[in-house]
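Report on one structure; see the data block that follows.
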Amino acid sequence: MMGSASLYLSTKVARVLGAVPGRSLRSLPKPRGLESYRSLRNLRTPPIAAGMEDEAGRKPAPPALAAFAGVTRSRVSTSAGGGPGAGDWFELSPSSVLKLQKGDITKWFVDGSTDAIVNAANERMLGGGGVDGAIHRAAGPELREACSKVPEVRPGVRCPTGEARITPAFQLPVSHVIHTVGPIYDVDKQPDVSLGNAYRNSLRLAKENNIQYIAFPAISCGVYGYPYKEASRIAISKAKEFSDDFKEVCFVLFSDDLYRVWLESALELL
Ligand code: ADP
């Protein structure tokens with residue numbers, strides 16, 4: 001399974017690079033300065049800011065090409081390892097890519113105006129641990145203030161499990177934060193439905209707000225205990241459902257284990 005998926009991916013990557021469809025990626029000439037063909041897929045990650053040049057003096061790709069070739073100005077912290085901007089990308093449609101990156105989602109951005117990160121929040125929406133805490137710390141106290149103004153649907157609940165809410169991002173480099181609440185795996189009666197709803201409602205709300213670039217953490221895969229494999233399949237399937245609606249759907253994975261599982265599922269499903 002993995003072998004044929006990898007071959008399929010290679011064909012897709014080769015097609016984007018202008019190679020003959022069906023020809024193995026390994027038969028392409030090796031680009032100068034790249035360590036391996038795995039690195040070939042990292043070509044898309046140019047410098048962090050517009051106007052900056054990379055070490056080889058190349059300018060970032062212009063936005064239209066960026067959208068097609070998966071080259072954007074997004075970048076994540078490499079605290080989890082893997083080199084600057086390390087990751088993998090997959091074509092969702094001719095104008096949309098799904099990216100996997102390792103690192104800290106609070107550092108992710110594309111243009112600061114049509115980009116958003118998703119927060120794995122709790123129903124109260126006033127901050128918490130894990131990625132929620134990291135996002136609130138990086139965004140500053142205005143984020144909590146904005147969240148507190150989201151109306152409660154019942155006492156103590158601003159965003160029920162599976163739903164999503166949007167706020168500005170304040171000190172974060174993106175324009176918006178979409179807050180969603182994933183299921184607690186051992187408590188929710190239908191965790192797969194709730195997790196699917198959390199992804200779908202986040203994507204729907206992003207689309208309604210003209211977001212073009214969106215990044216997700218592994219919702220529910222921390223203290224909420226969702227098994228990585230099942231979660232990754234749901235996450236990638238939902239991104240696929242919105243393949244015409246975003247220039248980029250990115251999963252920013254915090255650990256090597258999460259990254260490996262997401263990559264396996266992407267290879268199987270895309
Ligand atoms: P949940 O309550 O939905 O399980 P957690 O915050 O506990 O939320 O974890 C969700 C996922 O976010 C986990 O896989 C965790 O490793 C990851 N995570 C934690 N901090 C960050 C961060 N700064 N950037 C990206 N992912 C993060």
For this session: Residue by residue through the range 94-134, note down the ones that are more than 21 Å from residue 207 (Cα to Cα) and within 15 Å of the chain's Cα centre (by Cα).
Result: 101, 102, 103, 104, 107, 131
Exercise. If you scan the range 240-258, which residues turn out to be in contact with a Cys (Cβ under 9 Å, 6 or more places away or on another chain) and more than 13 Å from the ligand (Cβ to nearest atom)?
Worked result: none
Problem set entry | Counted residues, the range 224-239 - those being within 11 Å of the ligand (Cβ to nearest atom) and part of a loop (DSSP other than H, G, I, E, B) | 3
Exercise. Within the set of pairs 6 or more residues apart or between chains, which connect a residue that is within 22 Å of residue 216 (Cβ to Cβ) inside the range 151-169 to a residue that is surrounded by fewer than 15 Cβ atoms within 10 Å (Cβ to Cβ) and of a type in the set (Val, Ile, Thr) with Cβ atoms less than 7 Å apart?
Worked result: 160/153
Exercise. Of all residues in the range 147-168, which are more than 22 Å from residue 193 (Cα to Cα), surrounded by fewer than 19 Cβ atoms within 10 Å (Cβ to Cβ) and not polar (S, T, N, Q)?
Worked result: 149, 150, 151, 152, 155, 156, 168
For this session: Output the number of the condition that residue 166 fails; it satisfies all remaining conditions of (1) at pLDDT 95 or above; (2) part of a loop (DSSP other than H, G, I, E, B).
Result: (2)
Exercise. Among (1) crowded, with 17+ Cβ neighbours inside 10 Å; (2) of a type outside the set (Asp, Glu); (3) over 15 Å from residue 196 (Cβ atoms), which single condition is residue 239 missing?
Worked result: (3)
For this session: With respect to residue 88, determine if the residue is more than 14 Å from the ligand (Cβ to nearest atom), farther than 25 Å from residue 179 by Cβ, among the charged types (D, E, K, R) and at pLDDT below 95.
Result: no
Seminar exercise, completed: The number of residues in the range 188-223 that are within 12 Å of the ligand (Cβ to nearest atom) and either over 29 Å from residue 110 (Cα atoms) or of a type in the set (Val, Ile, Thr) (or both) is 4
Exercise. For the range 197-211, what are the residues that are surrounded by fewer than 22 Cβ atoms within 10 Å (Cβ to Cβ) and part of a loop (DSSP other than H, G, I, E, B)?
Worked result: 209, 210
Exercise. Among the listed residues 183, 227, 217, which satisfies the condition of being out of contact with any strand residue (DSSP E or B) (no Cβ under 9 Å at 6 or more places or on another chain) and crowded, with 17+ Cβ neighbours inside 10 Å?
Worked result: 183
Seminar exercise, completed: Filter the range 99-117 for residues that are part of a loop (DSSP other than H, G, I, E, B) and away from the ligand (no atom under 14 Å from the Cβ); the one that is surrounded by the most Cβ atoms within 10 Å (Cβ to Cβ) is 110
Seminar exercise, completed: Flagged in the range 243-261 as over 11 Å from residue 217 (Cβ atoms), in contact (Cβ under 8 Å) with a residue 24 or more places away in the chain and either in contact with a strand residue (DSSP E or B) (Cβ under 7 Å, 6 or more places away or on another chain) or assigned to a helix (DSSP H, G or I) (or both), in numbering order, are 243, 244, 246, 247, 248, 249, 256, 257, 259, 261
Seminar exercise, completed: Here the qualifying pairs (Cβ atoms under 7 Å; residues six or more apart or on different chains; first in the range 122-137 and closer than 19 Å to residue 153 by Cα and within 9 Å of the ligand (Cβ to nearest atom); second of a type in the set (Gly, Ala, Ser) and assigned to a loop (DSSP other than H, G, I, E, B)) come out as 122/128
Exercise. Of the residues 265, 220, 194, which single one is within 22 Å of residue 87 (Cβ to Cβ), part of a helix (DSSP H, G or I) and at pLDDT 95 or above?
Worked result: 265
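The values are calculated or read from the model by the stated rules, or taken from the named source; none is laboratory data. As the structure is a prediction and not an experimental result, all values here were calculated from the model. So basically every Cβ, Gly included, is an ideal-geometry build from the backbone, and we count neighbours across all protein chains shown.
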